[in-house]
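Peer 1: This is the structure I want to talk about, given as structure tokens.
A short reminder: the numbers here are calculations on the coordinates, not readings from a lab. Since the model is a prediction, treat every value here as computed from it, not as a measurement. Note: ideal-geometry Cβ built from the backbone for every residue, glycine included; neighbour counts use all protein chains shown.
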Amino acid sequence: MDYAIARERMVQNQLVARKITNEKVLEAMRTVPRHEFVPKELWGRAYGDHPLPIGQSQTISQPYMVALMTQQLQLEKTNKVLEIGTGSGYQAAILAELVRRVFSVERVPELSSRARKVLDGLGYGNVIIKTGDGTLGWKEFAPFDRIVVTAGAPDVPSALVEQLVDGGRIVLPIGNTYVQTLLVVKKKGKKIERKEVCGCTFVPLIGEQGWENG
Ligand code: SAM
């Protein structure tokens, strides 16, 4: 299988066709070898229009959802970005193509260590990962220009708003543990503005400012 051809097809049929227009986002999606972030037996399905299992009952998000969330972040090269939910490391690699530094938090140690290995193998030294509860953000490196949450939250975690720069934005799914709405949250002084993007389905964000485990 020619993965570069599969990626180009993914970009045209799943992203351009659905109004992903940011050229830099499209270029990042063309560049990152998504198959390397999924278990080997699923490499042949890596560029399909769906999420895939990555073990530990977790998933790598559908390519369109990764591109949409990235586009909604409106990234600039100098941005410091926090991702909650490293999972396979794929979204972190897309972000790392677009900004200088990416911080990513994953609660499941088996996933964060596998993601680290894949990212190292591909040379993404600008992604810094820690294992822990991302609903509390990552105080040591705050504030962040952009934050993306790749698991469904009951509401916007206040720790993440606190760790966002004024004028910064958070992209996250909010709802119940089955269906959510993708939101863009902008911080303007002490106020936040919320904009709804679309319906979506993510695995739950589990933690102190998320859902309870189980
Ligand atoms: N961004 C990932 C990727 O590119 O593969 C997909 C993430 S998957 C849809 C959601 C991830 O969020 C899971 O790996 C899950 O373990 C993680 N997660 C859930 N609650 C979390 C929390 N409180 N802190 C950090 N990670 C969390």
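Peer 1: Net charge near T78: determine it from the other residues with C-beta under 13 Å of the C-beta of T78, scoring Lys and Arg +1 and Asp and Glu -1.
Peer 2: Overall, the nearby charge balance is +3.
Peer 1: Please arrange L15, L119 by how many other C-beta atoms lie within 10 Å of their C-beta, fewest to most.
Peer 2: Taking fewest neighbouring Cβ atoms as first place, the list is L15, L119.
Peer 1: A follow-up question, please. If I stretch the segment between K77 and K195 completely, what's the gain in nm (0.36 nm per residue apart, minus their alpha carbon distance), one decimal?
Peer 2: Taking K77 through K195 to full extension adds about 40.1 nm, to one decimal.
Peer 1: Taking Cα atoms, how many degrees apart are the long axis of helix 109-121 and the longest axis of the chain, rounded to 10 and kept between 0 and 90?
Peer 2: 60 degrees
Peer 1: Report relative contact order for region 3-200 in percent, whole number only (criteria: Cα-Cα under 8 Å, sequence separation at least 6).
Peer 2: Relative contact order for region 3-200 comes out at 15 percent.
Peer 1: Now a separate question. For region 1-99, what class follows from the C-alpha gyration tensor (a ≥ b ≥ c being the square roots of its eigenvalues): rounded when a/c is under 1.5, otherwise prolate if a/b is larger than b/c, else oblate?
Peer 2: Taking the square roots of the gyration eigenvalues as a ≥ b ≥ c, region 1-99 is oblate.
Peer 1: With the Cα gyration tensor of the chain giving a ≥ b ≥ c as the square roots of its eigenvalues, does the rule (a/c under 1.5 for rounded; else a/b larger than b/c for prolate; else oblate) give rounded, prolate or oblate?
Peer 2: In terms of gyration-tensor shape, rounded.
Peer 1: Amide H neighbours of I128 under 5 Å, counting only residues 5+ apart in sequence or on other chains, H built in-plane at 1.01 Å?
Peer 2: HN-HN under 5 Å from I128: V102, F103, S104.
Peer 1: Exposed loop trypsin sites (Lys or Arg not before Pro) only (DSSP loop, at most 10 other Cβ atoms within 10 Å): please give the longest stretch of the chain free of them, not including the sites.
Peer 2: Here the longest run is 78-189.
Peer 1: Just need the relative contact order of region 145-198 here, percent rounded to a whole number, with Cα pairs under 8 Å and 6+ apart.
Peer 2: So the answer I get is 31 percent.
Peer 1: Setting aside same-chain residues fewer than 8 positions from K130, which lysines have a Cα under 22 Å from its Cα?
Peer 2: Correct list for K130: K80, K117, K139.
Peer 1: Please give me, ordered by residue number, the GluC sites (Glu not before Pro) of region 53-125 that lie in loop per DSSP and have at most 16 other Cβ atoms within 10 Å.
Peer 2: Sparse-neighbourhood loop GluC sites (Glu not before Pro): E76.
Peer 1: In debye to the nearest 20, how big a dipole does region 102-214 give about its Cα centre with +1 on each Lys and Arg Cβ and -1 on each Asp and Glu Cβ?
Peer 2: So the magnitude is around 360 debye.
Peer 1: Next question, about the same structure. Cα centroids of region 121-146 and region 1-61: how far apart, whole angstrom?
Peer 2: 23 Å
Peer 1: In which sequence would H35, H50 go, from the one with the fewest C-beta neighbours within 10 Å to the one with the most?
Peer 2: If I rank by nearby Cβ atoms, fewest first, I get H50, H35.
Peer 1: Moving on to the next point. Residues with amide H under 5 Å of I54's amide H, sequence separation 5 or more or different chain, H placed in the peptide plane at 1.01 Å from N; which?
Peer 2: Close amide H contacts, sequence-distant or interchain: T59, I60.
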